[in-house]
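Okay, structure first, notes after.
The values are calculated or read from the model by the stated rules, or taken from the named source; none is laboratory data. What you see is a predicted model, and the numbers here were worked out from it, not measured in a lab. Quick reminder, even Gly has a Cβ in these numbers, built from the backbone with ideal geometry, and neighbours come from all protein chains shown.
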Amino acid sequence: MPTWNPEELCKYYDIERMCIKINDDKFKEAGDVIKPREYRTVKRVPDDLGKFKWIEIELHTFANEYSKDFEEVLAIFE
């Protein structure tokens, strides 16, 4: 199993959202017994704001690492 450092884990959770829909009919049919696969629908959706946030964080990291101005790094990136 891979090990994650805290920054990688935060990045992973920021770039993806999960939309969870509860299917009430299926839950009541099961006799109020919890069967997640039957009563819950999970849809994974990319989170564009999270992606842009992490691009900005990484560009700031590059700017600090190479002693450059953030605007200069941004111009290179563009």
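Find all pairs meeting these conditions: Cβ atoms under 7 angstrom apart; at least six residues apart or on different chains; first residue within region 1-14 and closer than 18 Å to ASP47 by Cβ; second residue at pLDDT 75 or above and in a helix (DSSP H, G or I).
Short answer, once both residue conditions are applied: LYS11/TRP54; ASP14/GLY50; ASP14/LYS53; ASP14/TRP54.
Name the single residue that is modelled with the highest pLDDT among those in region 21-56 being outside any helix (DSSP H, G or I) and among the small types (Gly, Ala, Ser).
GLY31
Would it be correct to say that LEU59 is part of a helix (DSSP H, G or I), under 25 Å from the mean Cα position of the chain (by Cα), aliphatic (A, V, I, L, M) and at pLDDT below 80?
Values: part of a helix (DSSP H, G or I): yes; under 25 Å from the mean Cα position of the chain (by Cα): yes; aliphatic (A, V, I, L, M): yes; at pLDDT below 80: no.
Considered against the rule, which asks whether it is part of a helix (DSSP H, G or I), under 25 Å from the mean Cα position of the chain (by Cα), aliphatic (A, V, I, L, M) and at pLDDT below 80, LEU59 comes out as no.
Just for region 2-20: of the residues that are assigned to a loop (DSSP other than H, G, I, E, B) and surrounded by 11 or more Cβ atoms within 10 Å (Cβ to Cβ), which one is modelled with the highest pLDDT? Walk me through it before giving the result.
Initially, region 2-20 is screened for residues assigned to a loop (DSSP other than H, G, I, E, B), giving 2-5, 15.
Subset that is surrounded by 11 or more Cβ atoms within 10 Å (Cβ to Cβ): 4, 15.
Numbers: TRP4: 69, ILE15: 75.
For region 2-20, the residue satisfying everything is ILE15.
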